[in-house]
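For reference, the structure discussed in these notes is given below.
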């Protein structure tokens, strides 16, 4: 006794030609599920690749902004250092000017010599700067 073919066709050919393999058999459930998993896996992989690219791009932009902030902060620190230096030089100039104007007529000989040496150093530094 022979059993009837699965697809109802006496010749054994598949009823649906689009859903056949090279052998003429329809795709089984297991194979269809496997293909669906592979498509989902590929889709997930593409999504993850896209998200990874976006993250790298965002990280790059974040790093550029961070570097820009650091450059601005460095420039501000440098400006503040320059201002402090100018302030120090101004105070030094005022103090040196005061020392140059000191009247040494009524001082003892040692004090007079000390202030004369200080005045010479100040004047030599000023002439070197000019």
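Inside the stretch 86-123, residues that are over 49 Å from the mean Cα position of the chain (by Cα), surrounded by 10 or more Cβ atoms within 10 Å (Cβ to Cβ) and part of a helix (DSSP H, G or I) make up a count of 15. Looking for something under 30 Å from residue 120 (Cα atoms), modelled with pLDDT of 95 or more and surrounded by 10 or more Cβ atoms within 10 Å (Cβ to Cβ) - is there at least one such residue anywhere in the stretch 72-81? Checked against the condition, which is being under 30 Å from residue 120 (Cα atoms), modelled with pLDDT of 95 or more and surrounded by 10 or more Cβ atoms within 10 Å (Cβ to Cβ), the stretch 72-81 yields at least one hit.
The values are calculated or read from the model by the stated rules, or taken from the named source; none is laboratory data. All figures in this text were calculated on a predicted structure; none of them were measured in a lab. Cβ atoms come from the backbone with ideal geometry, glycine included; neighbour counts cover every protein chain shown.
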